[in-house]
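These notes concern the structure reproduced below.
The values are calculated or read from the model by the stated rules, or taken from the named source; none is laboratory data. Everything numeric here is computed off the predicted structure, so don't read it as measured data. Quick reminder, even Gly has a Cβ in these numbers, built from the backbone with ideal geometry, and neighbours come from all protein chains shown. Remember, those area values only see protein heavy atoms, side chains included, never the ligands or the DNA or RNA. Shrake-Rupley method; radii C 1.70, N 1.55, O 1.52, S 1.80 Å.
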Amino acid sequence: MQRLPTWCRDAVLLDGTAPVPVDRPFTAREADAAGVPSSLRHKLVATGLLRPMLRGVFVASQVPDSLRLRVAAVALVTPPHLVVVDRTAAWIHGVDALPRSAIHQLPSLDLYSRGESRMRRTGVSSGIRRLTAADIEVLNGVAVTTALRTACDLGRLLWRYDALAAIDGFLRLEVAREELIREVDRFKGHRGVVQLRRLAALGDRGAESPPESALRLHWHEADIPAPPETQIWVHADDGMPRFRIDVGDPEVRFGAEYFGEEFHGTDAEAADEDRLQWLRDRRGWVMEVFTKADVYGPDLAAGDRLHRGYFMARSTMGLRGRTYVDLSRR
């Protein structure tokens, strides 16, 4: 049996002595040129020093898996007629539109064709999409749908709560809401255009996370007469801003907060409880707290709670005093 080369014979991880890159993906052709033929690659995979990412693409096992790494890997073997679209394009632009399952398993890459053929490869979601030259830009050598086009596509195609979160993310990034609304008519007759038209008008760059966006959409769907405001500052007695509320209506002093699972049992959770108590006791706000199950669960219970909380807050405004309103709106 042929012995392994010295650079990998007793290695725990590949290092700079390896003839192949140890910090990025590389192709089988690149490995062949570096003197690492197919038979040796198979041995390196079997011993855990390399891992295959795609057919004909490898990476050193210690390189952390990420969407950036997967984009780089696909770029090595992607024909020029393919474009990165949808959730993957959003990630490249810096917008969090990945599915919630992405914390456990990386999603498929969204790569669509400008021609008449699609890419059939494990870990790739592909198809054919009609894209104009204005829909595409090149980032780090990879063709990607522009921020505006990606916002429109995700606004059409995702579940409405995730779709609004994506739109909010692109508004925070660089897309003007007026520009997005104007672009909607271009998709007349396309799947999801009715949803896109509605959500584009509701977009708000003040939402700081996808759950806050989803919570705001629950508000809009809860038959509440006042539109929700985002990131509402509530002030201390000296007039200085003290706390922010995710979503609410300052006029009736009703607010809604999203608490992620990562805060349970932590110092941050205790600080949030103190903040909520101060808002209730010192500023007369009616506060409701929502979790992932409320916002994304099968019952979508957030809307009912928002409706009840808002009308309870409105009916008790006089009992909670009016001076608080002036303090919170300085």
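State whether the residues of segment 155-162 include one that is of a type in the set (A, V, I, L, M, F, W, C), part of a loop (DSSP other than H, G, I, E, B) and at pLDDT 95 or above. Looking for residues that are of a type in the set (A, V, I, L, M, F, W, C), part of a loop (DSSP other than H, G, I, E, B) and at pLDDT 95 or above, one finds at least one in segment 155-162, hence yes. Of A207, A151, A165, all but one fail to be small (G, A, S), crowded, with 18+ Cβ neighbours inside 10 Å, part of a loop (DSSP other than H, G, I, E, B) and within 15 Å of the chain's Cα centre (by Cα); the exception is A207.
In segment 118-130, is there at least one residue being part of a loop (DSSP other than H, G, I, E, B), open to solvent by less than 50 Å² (accessible area, probe 1.4 Å) and modelled with pLDDT under 85? Looking through segment 118-130, at least one residue is part of a loop (DSSP other than H, G, I, E, B), open to solvent by less than 50 Å² (accessible area, probe 1.4 Å) and modelled with pLDDT under 85.
Tell me which residues, restricted to segment 64-78, are open to solvent by less than 50 Å² (accessible area, probe 1.4 Å) and either within 22 Å of E208 (Cβ to Cβ) or not in a helix (DSSP H, G or I) (or both). Hits for segment 64-78 are S66, L67, T78. Every residue in segment 105-114 that is open to solvent by 20 Å² or more (accessible area, probe 1.4 Å) and either of a type in the set (G, A, S) or more than 21 Å from A147 (Cα to Cα) (or both), please. Once the filter is applied, which keeps residues that are open to solvent by 20 Å² or more (accessible area, probe 1.4 Å) and either of a type in the set (G, A, S) or more than 21 Å from A147 (Cα to Cα) (or both), segment 105-114 yields Q105, L106, S108.
For the condition surrounded by 17 or more Cβ atoms within 10 Å (Cβ to Cβ) and not polar (S, T, N, Q), what is the one hit in A11, A102, A46, A90?
The match here is A90.
Here's the yes/no breakdown for (1) open to solvent by 40 Å² or more (accessible area, probe 1.4 Å); (2) in contact (Cβ under 8 Å) with a residue 40 or more places away in the chain; (3) in a loop (DSSP other than H, G, I, E, B):
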{"site": "I181", "(1), (2), (3)": "yes, no, no"}
{"site": "S213", "(1), (2), (3)": "no, yes, no"}
{"site": "D223", "(1), (2), (3)": "yes, yes, yes"}
{"site": "E251", "(1), (2), (3)": "yes, yes, yes"}
{"site": "Q277", "(1), (2), (3)": "yes, no, no"}
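Based on this model, can you work out whether L199 counts as touching a Phe, Trp or Tyr at 6+ places or on another chain (Cβ under 8 Å) and either part of a helix (DSSP H, G or I) or modelled with pLDDT of 90 or more (or both)? For L199, the condition - touching a Phe, Trp or Tyr at 6+ places or on another chain (Cβ under 8 Å) and either part of a helix (DSSP H, G or I) or modelled with pLDDT of 90 or more (or both) - is not met. Of all residues assigned to segment 306-317, at least one qualifies as being among the aromatic types (F, W, Y), at pLDDT 95 or above and closer than 21 Å to H218 by Cβ.
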